[in-house]
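Have a look at the structure that comes next, please.
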Amino acid sequence: MSYSQGHPVRPVGGRLALDFVNTADWTANDHVAHEKLKSPDDLDVWLRTLGIDACCAGTLEELKGLRSDLRAALLESRASGSLNAVKELDFGTEQGSLPLLEGLLAASAISILADPRERGRLKMCPGDNCGWLFIDETKNSRRTWCSMESCGNRAKAARHYLRNRKAAAASNRSLEE
């Protein structure tokens, strides 16, 4: 399935909270570089792709605010090992009960951060304007990219291009000498 702009929905985070945070591409200074949830229809596509039959208590803009706060809390807790940042999040509670999507997101985030093994495997993709979060579930914990098909492939292609360019430049210098 794809969002309204044609970008495919790619649940690569390994956990619901991470896949929700990954509905945007992020700059190195934690701003949204590319928004995937441009309309309520895009949110519906994301929910259907993940097989979630849920409703939301808030508006799309409120969910985007929660997404940004959730990402900041996950990154802060990963670095500090503390759950304090998650405790301060507003998951839209109404009269003591959590709305379904917000409740699922809260449970997912807390399950990641309450388990030191999960928290230790929480990583951020270093891809240019990606910043997606994921749980590294490889045996040796050496996963780098959100996806080899996108960010990993672009990085490998860029390294290959630079190697060939340097080799060509060195060859040209040796011919000139």
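Across the stretch 99-142, what is the total count of residues that are part of a helix (DSSP H, G or I) and open to solvent by less than 20 Å² (accessible area, probe 1.4 Å)?
9
Moving to a separate point now. Within the stretch 8-56, can you find the residues that are part of a helix (DSSP H, G or I), without any contact (Cβ under 8 Å) to a residue 40 or more places away in the chain and of a type outside the set (D, E, K, R)?
Residues satisfying the conditions are 40, 43.
So, in the stretch 64-88, of the ones that are under 15 Å from residue 18 (Cβ atoms) and aliphatic (A, V, I, L, M), which residue ends up most open to solvent (accessible area, probe 1.4 Å)?
72
Can you work out which of the residues in the stretch 18-63 that are β-branched (Val, Ile, Thr) and closer than 18 Å to residue 129 by Cα is most open to solvent (accessible area, probe 1.4 Å)?
32
Here's another thing I want to ask about it. Of everything in the stretch 1-51, what is farther than 14 Å from residue 71 by Cα, of a type in the set (D, E, K, R) and out of contact with any Phe, Trp or Tyr (no Cβ under 6 Å at 6 or more places or on another chain)? Give them in sequence order.
10, 35, 38, 41, 44, 48
Within the stretch 143-163, identify whether any single residue is open to solvent by 90 Å² or more (accessible area, probe 1.4 Å) and in a loop (DSSP other than H, G, I, E, B), and answer yes or no.
Scanning the stretch 143-163 turns up no residue that is open to solvent by 90 Å² or more (accessible area, probe 1.4 Å) and in a loop (DSSP other than H, G, I, E, B).
Of the residues 25, 19, which is modelled with pLDDT of 90 or more and touching a Leu at 6+ places or on another chain (Cβ under 8 Å)?
Answer to the check: 19.
Given the criteria over 22 Å from residue 80 (Cα atoms), at pLDDT 90 or above and under 21 Å from the mean Cα position of the chain (by Cα), does residue 146 qualify?
So residue 146 passes the test.
The values are calculated or read from the model by the stated rules, or taken from the named source; none is laboratory data. Just so it is clear, the model here is predicted, and its values are computed rather than measured. Every residue, glycine among them, receives a Cβ derived from its backbone with ideal geometry; neighbour counts consider all protein chains shown. Protein only, heavy atoms only, side chains kept; ligands, DNA and RNA dropped before computing areas. Shrake-Rupley method; radii C 1.70, N 1.55, O 1.52, S 1.80 Å.
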